[in-house]
């Protein structure tokens, strides 16, 4: 689970009421407008999904492909590779890739505050999420600066994290010697959490979140209509404000500001799969 998108109330609990968070409230509002009910289950491996062998995917994408779930909800980025095997709804959120670091007093003007600063030094290591969309971006980018970053990451595989939470904790524990490349929407949440010692900088690539559905899904038109209505009414913006800033623990967050309202569209959560039980 990846707060604030989905939070499990009781690890041993069951049923839709055992989950809360931005994604849960968004799904409820979408279902009311699209007129369907659903049952929440967790993806067996708790992952977004990656291609293991040709045509065979793990995680939530695999669950949707195998028709064990009608809809996958998580902060999952829309990508061409994923679109080859599944479909996405209209985006509910637009964001960018950014860099998360621990704040520290500048020493002799050495404070790192840009991607260029990070690349042109050797003391601070930087990594990203294994098998994520960010890793895929760096693997295939033609940008010279980002290719230099990718070569550095490839030289030391230990800089990669298996989960976002692991990457964030490593930044906190690093005493300023490790930076984590991640999605700005999630980074913004962690910057606003105690002990208030994190910052973000850099806009590397613009990306979108969308709900995952099977190709040819009869739900697509209903879902897109519901998402568009929620964006236009400002409801998704209000939900984001509630879950990102409602219990804000840091009075003066560093780095990037909130995602612009006009950019909001669709968000999803790690490990969540849904089966709709009826359409009315």
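Observations on the structure shown:
- Candidates 188, 166: the one that is buried (at least 20 other Cβ atoms within 10 Å of the Cβ) and within 18 Å of the chain's Cα centre (by Cα) is 188.
- Within the set 173, 156, 131, the sole residue that is outside the structural domain of residue 58 (by TED's automatic domain parsing) and free of Cβ contacts under 8 Å to residues at least 12 places away in the same chain turns out to be 173.
- Taken across the range 176-187, residues that are closer than 16 Å to residue 23 by Cα, at pLDDT below 95 and not assigned by TED's automatic domain parsing to the domain that holds residue 49 do occur, with at least one present.
- Of the helices (runs of 4 or more DSSP H) lying entirely inside the range 1-90, those carrying at least 3 residues that are surrounded by 21 or more Cβ atoms within 10 Å (Cβ to Cβ) and either assigned by TED's automatic domain parsing to the domain that holds residue 225 or touching a helix residue (DSSP H, G or I) at 6+ places or on another chain (Cβ under 9 Å) (or both) are 22-34, 59-65.
- Residue in the range 198-217 that is touching a strand residue (DSSP E or B) at 6+ places or on another chain (Cβ under 7 Å), surrounded by fewer than 16 Cβ atoms within 10 Å (Cβ to Cβ), modelled with pLDDT under 95 and outside any helix (DSSP H, G or I) present: yes
- Where residue 181 falls short, out of the listed (1) touching a strand residue (DSSP E or B) at 6+ places or on another chain (Cβ under 7 Å); (2) part of a helix (DSSP H, G or I); (3) crowded, with 20+ Cβ neighbours inside 10 Å: (2)
- Residue under evaluation residue 99, criteria (1) within 25 Å of residue 137 (Cα to Cα); (2) surrounded by 16 or more Cβ atoms within 10 Å (Cβ to Cβ); (3) in contact (Cβ under 8 Å) with a residue 60 or more places away in the chain; (4) outside the structural domain of residue 117 (by TED's automatic domain parsing), criterion not met: (4)
The values are calculated or read from the model by the stated rules, or taken from the named source; none is laboratory data. All figures in this text were calculated on a predicted structure; none of them were measured in a lab. As a convention, Cβ positions derive from the backbone with ideal geometry for all residues, glycine included, and neighbour counts pool all protein chains shown.
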